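**Q** My questions all concern the structure below.
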Amino acid sequence: MTFARNLRTNVRTILAAPLDAAPVESRVTGPVDQVLGAVVIALIGFGLVMVYSASEIFATVTRHDPQYFLLKQFGYSVAALTVMAIVSKVDYHRLYKLTYPVLFSVIAMLIATIVGLGHRGGGAARWLRLGIINVQPAEVAKLALIIWLAYSLAKKADKVKSFTVGFLPHLIVAGFLMLLCLKQPDFGSAVVLLLLTFTLLFMAGAKIGYIMGAILTGGGLAILAVRYSPYRFARYLAWADMEKHRQDLAYQPFQSVMSFGSGGFHGVGLGRGLQTLYLPEAHTDFVSAIIGEELGFIGILSLSLVYVVLCARGIRAALRAPDDFGSYLAFGISALFAVQTLVNLSVALAILPTKGLTLPFVSYGGSSLLVNAAAVGILLSITRQVQEAPSRNERHEALEPSARSTDMPDLLGAED
């Protein structure tokens with residue numbers, strides 16, 4: 001608890017530095033965070049290997065081509081790396097003027113999916129066909145919400161503790177996006193949107209009482225959404241007693257847990273997992289189960305540490321960003337990766353009921369990979385800017401050396 005209080009105090013102190021509430025466009029010429037870029041490239045490469053390992057048998061049976069999903073994921077990966085490279089070279093301040101066009105476009109796409117224009121799959125209309133590609137608007141909504149929250153919180157820095165100005169409007173916009181996701185239905189994405197909103201409001205300094213009240217209210221509404229939705233409640237009951245429902249609704253999470261158990265400490269070896277025969281569509285939301293079986297506890301632990309490094313570099317960029325807009329953007333994107341990773345692994349381990357969230361950069365799928373790549377591109381753009389001027393931390397120390405807490409441990413590494 002002491003560490004959490006110190007983190008929030010230091011973040012608020014840094015974000016309170018004067019003269020930086022509104023972003024000022026500047027030429028992006030500095031070097032990017034090479035560690036962050038290397039981690040993402042490594043995850044995408046690892047994802048290609050695991051998608052092939054997890055989908056080879058399924059692709060052979062359903063597509064008569066063992067490399068079908070591998071080739072598609074390779075195409076998505078090339079596109080993702082291209083998007084990441086392009087976005088990283090664009091001044092992230094340009095997003096400031098594009099905030100509302102992006103937000104309204106995402107809302108329009110979400111509405112289109114629920115009025116009959118969406119492509120159905122797995123019992124939900126979550127995809128929208130745009131030309132030759134299928135887009136999942138809920139994935140884009142996560143990044144759009146982060147951009148809007150960063151924009152709004154930066155503008156309202158001096159009023160963030162106000163309920164009517166600094167808290168309620170953000171909750172209304174997030175709630176509207178969540179409602180559109182629930183209509184698809186996509187309960188998992190709605191939960192992610194809520195957690196992202198609370199995270200950024202907390203970092204911005206919103207009153208804890210408001211946040212706790214909203215959490216309790218949101219939790220109550222989530223319980224009602226599960227209890228009075230027949231298929232959600234059935235899934236919950238099956239998750240609560242997987243042994244009884246191992247052959248029906250709990251088949252997928254049960255087989256996923258079996259994968260982790262059979263992998264043991266070292267794993268059975270890459271490409272030698274047997275759960276690819278039994279776990280439905282293991283290359284998508286449950287790819288971590290195949291990693292657990294084939295690479296064992298060591299593989300899952302190593303992968304988790306890579307995600308820790310990814311999020312830590314994002315937080316590092318947030319603390320060094322030249323303005324509030326960049327700080328909130330970096331914090332929000334880091335939270336997005338952290339939340340999706342934790343939820344995906346928790347679902348695969350049956351700690352949480354099935355949510356339908358991908359493992360960032362590793363699971364098969366174009367929408368998730370491209371959106372995450374764009375998010376990393378924004379992070380890299382922010383790291384370019386921090387090289388051109390003293391960090392927010394350094395400027396604030398020069399202004400008020402005594403204002404910052406002295407017992408905050410340096411978890412993000414020394415200056416490169």
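The values are calculated or read from the model by the stated rules, or taken from the named source; none is laboratory data. The structure presented is a predicted model; accordingly, all values stated were derived computationally and were not measured. Cβ sites come from the backbone with ideal geometry, for glycine too, and all protein chains shown count toward neighbours.
**Q** From Leu195, Leu224, grab the single residue that is surrounded by fewer than 13 Cβ atoms within 10 Å (Cβ to Cβ) and assigned to a helix (DSSP H, G or I).
**A** Being surrounded by fewer than 13 Cβ atoms within 10 Å (Cβ to Cβ) and assigned to a helix (DSSP H, G or I) holds for just one of Leu195, Leu224, which is Leu224.
**Q** For the range 346-365, state whether one or more residues are under 27 Å from Glu139 (Cα atoms), outside any loop (DSSP other than H, G, I, E, B) and either among the polar types (S, T, N, Q) or modelled with pLDDT under 50 (or both).
**A** yes
**Q** Please go through the range 270-298 and give me each residue that is surrounded by fewer than 24 Cβ atoms within 10 Å (Cβ to Cβ) and either without any contact (Cβ under 8 Å) to a residue 40 or more places away in the chain or of a type in the set (Val, Ile, Thr) (or both), ordered by number.
**A** Arg272, Leu274, Gln275, Thr276, Tyr278, Pro280, Thr284, Leu295, Gly296, Phe297, Ile298 - these are the residues of the range 270-298 that are surrounded by fewer than 24 Cβ atoms within 10 Å (Cβ to Cβ) and either without any contact (Cβ under 8 Å) to a residue 40 or more places away in the chain or of a type in the set (Val, Ile, Thr) (or both).
**Q** Any residue in the range 64-83 that is in contact (Cβ under 8 Å) with a residue 40 or more places away in the chain sitting within a Cβ distance under 9 Å of a residue that is of a type in the set (Gly, Ala, Ser) and not in a helix (DSSP H, G or I)? List the pairs, counting only those 6 or more apart or interchain.
**A** That search, which allows pairs on different chains as well, returns Gln73/Gly365; Tyr76/Gly365.
**Q** Is it the case, given these coordinates, that Gly267 is assigned to a helix (DSSP H, G or I), under 18 Å from Ser302 (Cα atoms) and either without any contact (Cβ under 8 Å) to a residue 60 or more places away in the chain or in contact with a strand residue (DSSP E or B) (Cβ under 6 Å, 6 or more places away or on another chain) (or both)?
**A** Taking the combined requirement at face value, the residue does not satisfy it.
**Q** Which condition number in (1) surrounded by fewer than 21 Cβ atoms within 10 Å (Cβ to Cβ); (2) at pLDDT 90 or above; (3) closer than 24 Å to Tyr96 by Cβ is the one that Tyr210 fails?
**A** Only one criterion is unmet by Tyr210, namely (3).
**Q** Would you confirm, using the coordinates I've provided, whether Leu216 is closer than 26 Å to Gln136 by Cβ, assigned to a helix (DSSP H, G or I) and either touching a residue at least 24 places away in the same chain (Cβ under 8 Å) or among the hydrophobic types (A, V, I, L, M, F, W, C) (or both)?
**A** Taking the combined requirement at face value, the residue does not satisfy it.
**Q** Let me ask you something else. Filter the range 316-334 down to residues that are among the hydrophobic types (A, V, I, L, M, F, W, C) and surrounded by 24 or more Cβ atoms within 10 Å (Cβ to Cβ) and give me whichever is nearest to the chain's Cα centre (by Cα).
**A** Among those residues, the one meeting the criterion is Ile333.
**Q** Right, another one. Exactly one condition in (1) more than 24 Å from Gln136 (Cβ to Cβ); (2) crowded, with 21+ Cβ neighbours inside 10 Å is false for Gln184; which is it?
**A** Condition (1) is where Gln184 drops out.
**Q** Kindly indicate whether Ala335 is part of a helix (DSSP H, G or I), at pLDDT 95 or above and of a type in the set (Gly, Ala, Ser).
**A** yes
**Q** Answer yes or no: is there a residue in the range 180-191 that is at pLDDT 90 or above, out of contact with any strand residue (DSSP E or B) (no Cβ under 6 Å at 6 or more places or on another chain) and over 23 Å from Thr354 (Cβ atoms).
**A** no
**Q** While we're on this one: Please determine, by comparing only the residues of the range 87-113 that are farther than 19 Å from Ala373 by Cα and surrounded by fewer than 14 Cβ atoms within 10 Å (Cβ to Cβ), which one is modelled with the lowest pLDDT.
**A** This residue is Lys97.
**Q** Can I ask one more? Asn372 versus (1) of a type in the set (S, T, N, Q); (2) modelled with pLDDT under 95; (3) closer than 18 Å to Leu195 by Cα: which is the lone unmet condition?
**A** (2)
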